[in-house]
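The values are calculated or read from the model by the stated rules, or taken from the named source; none is laboratory data. Model, not experiment: these values are computed from the prediction. With ideal geometry, Cβ positions are generated from the backbone for all residues, glycine too; neighbour counts draw on all protein chains shown. SASA here: full protein model, heavy atoms, side chains in, ligands and nucleic acids out. Shrake-Rupley method; radii C 1.70, N 1.55, O 1.52, S 1.80 Å.
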There are 2 protein chains.
Amino acid sequence: MLATITQALPRLSPSERRVGRWILEHPKEAANTTLARLARECETSEPTVVRFCRHVGLAGFRELAIRLTEALSSPTTYVHRDVGPDDSTSDAVIKVMDASIQSLIEMRSQLSSMPIDETVIAMKSARQIAFAGLGASGHVASDACHKFFRLGIPCSSLHDIPMILQFAAITQPDDVLVLLSHSGRWQDFARAAKLAKKRGATVVALTNPDSGVAREASLLFPCPLIEDTSVYTPMSSRLAQLALLDAIHVALALAQGDAASENLRRSKDALNIELS
Amino acid sequence: MLATITQALPRLSPSERRVGRWILEHPKEAANTTLARLARECETSEPTVVRFCRHVGLAGFRELAIRLTEALSSPTTYVHRDVGPDDSTSDAVIKVMDASIQSLIEMRSQLSSMPIDETVIAMKSARQIAFAGLGASGHVASDACHKFFRLGIPCSSLHDIPMILQFAAITQPDDVLVLLSHSGRWQDFARAAKLAKKRGATVVALTNPDSGVAREASLLFPCPLIEDTSVYTPMSSRLAQLALLDAIHVALALAQGDAASENLRRSKDALNIELS
DNA sequence: TTATTGATGTAATTTTACTACATGCTGGCC
DNA sequence: GGCCAGCATGTAGTAAAATTACATCAATAA
């Protein structure tokens, strides 16, 4: 819109050009001012402003207001910016949300290159699924466990190295081990992956693609590691992992068909009785 | 804007709700129609439409037009659509991600109306913070606990009704109790909130604004309940809760200033030693 | 100089948003 | 059951804003 005005500027009459220039200089004010005020501001009359609108291809002054707000409402990009100590509270929380949104958008764009179908196939016929994670990822593991068990598949979540290693040591070929790690740098995770894979189990990893764990996994969901430039950097990659597990969960439910709907509905009903 | 309307719908009068629904169904038309036409379309009178605008927090009909064009021009691509049994796997996972992204974007747009500052003030001088949640929200609670304790404030997470009630019964005035509930309909939660508030503690609730828990809370973060039209509906509101807690966490860290940076850096260093 | 065309402003008209007030309905209370 | 308070809704009027018709002025060409 603003570009259209700039382009039209030369072939306008002097007074109209004044109008155009004022709008270009104060687009924000122009967006929701009144015809009378705009005319006064440009030291001209109201009809001239209307004529200006016609000349730049609009139906009238009203449309100008609409087009301007349209042009001004920024193309809302949720770019990641670090939070610094000087940010006001409201700035900071917006930045945190933006970072989270951004990481989900990135994850979404990479969904097609992820081995979702293979994972679903492995899980569908799994004897059991174990979700392993330490620290923050431990909560993701619990959450996933809680979610997948409602599909009727035996699930467990493992929160420390000894348990993970023990589990890996006793896996069977139709077991699935899901490893959740932010950095993917825990040596013991890679060892567990190697061990479980050797025993025939499927090892799914949601982790930094450039890591030992990633190399040992049978199925890899790459979750790029966001370098922590600031101590305030939020745990947005954890959100992305959760969303990814949601997606896998739904895909698995779909693959199971009626059985899954039935299980989900039952567990939901069980809750509804207790509610109210 | 559209989200704001959706959220406001339940507490409007019938005719005003008709207006809201029509706008949600035909946002594009509504964006540049006239007051008279909109009133006719909704089979109501012009003042009712104006009253509707006031009730959703706008100055008048004119502002509605501006806000609507604003909302429409930003590419709202991540609209929530339900997953059905006929969806292909790739369709389904994309939809799940979209729903998650959408819920975060909505949450972001409503951040300004949330009592973040008040919460931060209460938490900053808190003797202890407890995060309470059942089921899926329990994992959110654990996660939050794990996150906030690194700021040097004693934290705990509570996962069952008896614990929550016991905690509420022994709270002190400078304690903070954070209640996490999807529906907000658990009676015992509301009871715990009442009890803790009576003892002078600050009760923060992240829940459905139209619920008993919400009514009893001292500080409310409204998390609109997405009606589960389909069993496949993902737990995207849980993601929004997590992101919101991230935001509060960062805001609190900023408020603490140097002390927080120090605590965060130390706990990060502690991890880095074990990694490598 | 005068007629003509285009630019610009004045004033009237119409449209539009908003407001004050009246009506009608619902739910509680005597 | 009747009465009143409070709320929802509509009618009619008002103020303001946008648009249009028309008059005036300036510049150019005959």
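Observations, loosely collected:
- For the criterion of being crowded, with 19+ Cβ neighbours inside 10 Å and not assigned by TED's automatic domain parsing to the domain that holds residue B:207, residue B:129 fails.
This table checks each residue for (1) under 27 Å from residue A:145 (Cα atoms); (2) modelled with pLDDT of 95 or more.
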residue: B:108; (1), (2): no, no
residue: B:111; (1), (2): no, no
residue: B:114; (1), (2): no, no
residue: B:125; (1), (2): no, no
residue: B:128; (1), (2): no, yes
residue: B:138; (1), (2): yes, no
residue: B:146; (1), (2): yes, no
residue: B:152; (1), (2): no, no
residue: B:156; (1), (2): yes, yes
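- The single condition among (1) touching a residue at least 60 places away in the same chain (Cβ under 8 Å); (2) within 12 Å of DNA strand D (Cβ to nearest atom) that residue B:1 does not meet is (2).
- Any hit, the stretch B:227-238, residues being of a type outside the set (Ser, Thr, Tyr) and in a helix (DSSP H, G or I): yes
- Per-region count, the stretch A:171-219, residues in a helix (DSSP H, G or I) and away from every other protein chain (no Cβ under 14 Å): 11
- Lone unmet requirement of (1) open to solvent by less than 10 Å² (accessible area, probe 1.4 Å); (2) over 24 Å from residue B:103 (Cα atoms) for residue B:247: (2)
- Options A:10, A:27: the member that is away from DNA strand D (no atom under 13 Å from the Cβ) and within 14 Å of chain B (Cβ to nearest Cβ): A:27
- Residue B:168 passes every criterion in (1) more than 30 Å from residue A:259 (Cβ to Cβ); (2) open to solvent by 10 Å² or more (accessible area, probe 1.4 Å); (3) assigned to a helix (DSSP H, G or I) apart from (2).
- The condition (being assigned to a helix (DSSP H, G or I), in contact with a helix residue (DSSP H, G or I) (Cβ under 7 Å, 6 or more places away or on another chain) and either within 23 Å of residue A:241 (Cα to Cα) or in the same structural domain as residue B:258 (by TED's automatic domain parsing) (or both)) is satisfied by just one residue among B:156, B:100: B:100.
- Members of the stretch B:34-58 that are within 14 Å of another protein chain (Cβ to nearest Cβ) and more than 6 Å from DNA strand C (Cβ to nearest atom): B:37, B:58
- Residue check for residue B:156: of a type in the set (Gly, Ala, Ser), touching a Phe, Trp or Tyr at 6+ places or on another chain (Cβ under 9 Å) and within 14 Å of another protein chain (Cβ to nearest Cβ): no
- Filtering B:44, B:48 for residues that are touching a residue at least 12 places away in the same chain (Cβ under 8 Å) and in a helix (DSSP H, G or I) leaves a single hit, B:48.
- Only residues that are within 12 Å of DNA strand D (Cβ to nearest atom) and under 24 Å from residue B:105 (Cα atoms) were counted in the stretch B:30-51, giving 0.
- Total residues in the stretch B:59-68, condition open to solvent by 50 Å² or more (accessible area, probe 1.4 Å) and near DNA strand C (Cβ under 8 Å from one of its atoms): 2
- Taken residue by residue, the stretch B:143-159 has at least one member that is open to solvent by 10 Å² or more (accessible area, probe 1.4 Å), among the hydroxyl-bearing types (Ser, Thr, Tyr) and touching a residue at least 24 places away in the same chain (Cβ under 8 Å).
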